[in-house]
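The values are calculated or read from the model by the stated rules, or taken from the named source; none is laboratory data. Keep in mind it's a predicted model, so treat the numbers as computed, not measured. Here the Cβ is made from the backbone with ideal geometry for all residues, glycine too, and neighbour counts use every protein chain on show. Just so you know, the surface numbers come from the protein's heavy atoms only, side chains and all, with ligands and any DNA or RNA stripped out. Shrake-Rupley method; radii C 1.70, N 1.55, O 1.52, S 1.80 Å.
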Amino acid sequence: MPGGDWGEARMTRVRWTGFAVVISAGLLALSACSSSSHATSTTRPGGSTRAATGSAATLTGPVTGGKGISLEGPTAAELAQQGYTDSEYFASGTAHSYKPVGTLGNDGHWRVTPDAAAPYRTRIVVRTPQDPKRFNGTVLVEWLNVTAGIDAAPDFTYMNPELMRSGYAWVGVSVQQVGVTGGEGVIAVGGAPSGGLHGADPARYASLQHPGDVYADDIYSQVGRAIRSSQSPDPLGSLRPQRFLAVGESQSAFELTTYINAFQPTAHVYDGFFVHSRGGGATPITGGNITAGINGAVRIRDDIDVPVLLLETETDEATFRYFDARQPDTDHIRLWDVAGGSHADTYIVGGSAAGLGCTGQINDAPTHYVVAAALHQLNQWVRSGTPPPSAPRMKLVLVHGDPVVQRDALGVAIGGVRTAAINVPIAAYSGIPPAGSSVVCSFFGSTHPFSAATLARLYPSKSAYVAAFTKATDAAIARGWVLPADRAEILAQAASVKI
């Protein structure tokens, strides 16, 4: 690419990416068995006071033995370098499946009622600051992504380093069946169906059982109630949490759309939602179906009473048809459309990008900085009640029934949330892959570096480029789309560009 290696600087500070490990294994991630039957109080002493009654999972642990915690990402030593520690607990109970009450319309005003009941035993992974004084009071509960047939935590990766430098606690939940007992993911490259946690480490996980994804939403509620409570053992230890935010990317975002519309209004478990890269639809109440998550034009219910921040990329808007589900912002809903972003990118796959077999250069836009800012904005929104400013929509038009991103003469998307890399570009970043790309490569978009002649026309000197880039970065920070803590790193990358 003309002008330096953005990826190298990133991978220096984020040396562990769950998706990269999954791909190197031959897969791509996009991503006592009874509980209390009485209403469970989930108010922690000195902590969150939001009502969240209902059955809570029974937690046991911390779990030891076998090969250790099975989840791609930082090792215990790497976490310790950042002042964090990790642990694992089993969560068990009796979950319900649900059936619709009436029609589940596109407006998201869904009503459901319990159907069957079944026992489950799954696991949670907990990462917390070693020093309780560093804890900022917010717990992120990630619906682990199972698109590859194994658990992955893409949002833990995308949200760093903001997650750890600001002292969040993080809980990853094995919500879906394929992550626990195995089976085929939506995307499998060069490998047999996964054995899930059972196959990864039978000695550690043999006791786990999952009755199927129709029970996943209730499992997510029950685990949320368990970590909100002060039951023993308490995976959060001496931390005093004030807020619990549900987060999920890709397939997990499809699932969270269903959860918000059908379960949150009565469960009241989570204080806010980060819905990252959903499609236009939502997962059916009757169980996982990724096609339904892409098609269907399902909106977030407009009477939701907790903050919901949706972050969408060019891929999500066009290829996954989120465009069909667009809706106005409300007091509790905000959409951030990230210009130049793709569903997954160099940041998330790291050094494995070269082995994907994709045509051309995959997307290298710095979307992760916007994800970090979105996390900060959502947390502030939940704390203060003041939503972030509404963001401009990316410009798309329907062509023969398909949404198409509109671009300027340089090939850069028009509208949307914009970083300096988009407003002062050295390449056209796109969420749309080259023609003829494989299914895998369709998630990774593309990067089209500008020629030396184009760069010379746009920027008469290196100092002119850096000055323009600095001004655009400060403008993005002022609008809340980039965090001040990332400014020095962003500008250092710009300084390395060769013009």
Checked the range 387-423 for anything farther than 26 Å from ILE333 by Cα and crowded, with 22+ Cβ neighbours inside 10 Å; matches are ALA421
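Of all the residues that make up the range 55-76, how many are out of contact with any helix residue (DSSP H, G or I) (no Cβ under 6 Å at 6 or more places or on another chain) and either at pLDDT below 95 or open to solvent by less than 60 Å² (accessible area, probe 1.4 Å) (or both)?
10
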Report yes if GLY167 is outside any helix (DSSP H, G or I) and surrounded by 16 or more Cβ atoms within 10 Å (Cβ to Cβ), otherwise no.
yes
Pairing a residue in the range 359-377 that is open to solvent by less than 20 Å² (accessible area, probe 1.4 Å) with any residue that is among the polar types (S, T, N, Q) and part of a helix (DSSP H, G or I), where Cβ atoms lie under 7 Å and the two sit 6 or more apart in sequence or on different chains, gives ILE362/THR346; ASN363/THR346; ASP364/THR346
Filtering the range 469-499 down to residues that are open to solvent by less than 20 Å² (accessible area, probe 1.4 Å), in a helix (DSSP H, G or I) and among the aliphatic types (A, V, I, L, M) yields ALA472, ALA476, ILE490, ALA494
Filtering the range 317-351 down to residues that are in contact with a Lys or Arg (Cβ under 9 Å, 6 or more places away or on another chain), among the hydrophobic types (A, V, I, L, M, F, W, C) and open to solvent by 10 Å² or more (accessible area, probe 1.4 Å) yields PHE320
Residues of the range 281-301 being surrounded by 21 or more Cβ atoms within 10 Å (Cβ to Cβ) and farther than 22 Å from GLY102 by Cβ, in sequence order, are GLY288
Pairing a residue in the range 160-174 that is modelled with pLDDT of 95 or more with any residue that is buried (at least 24 other Cβ atoms within 10 Å of the Cβ) and assigned to a loop (DSSP other than H, G, I, E, B), where Cβ atoms lie under 7 Å and the two sit 6 or more apart in sequence or on different chains, gives GLY172/LEU71; GLY172/LEU144; GLY172/ALA153; VAL173/LEU144; SER174/LEU144; SER174/ASP151
Of all helices (runs of 4 or more DSSP H) fully inside the range 207-280, the set with 3 or more residues that are crowded, with 24+ Cβ neighbours inside 10 Å is 216-228, 251-262
Among (1) under 16 Å from the mean Cα position of the chain (by Cα); (2) in a strand (DSSP E or B), PRO119 falls short only on (1)
Selection from the range 266-289 of residues of a type in the set (Val, Ile, Thr), modelled with pLDDT under 95 and farther than 19 Å from LEU311 by Cβ yields ILE285, THR286
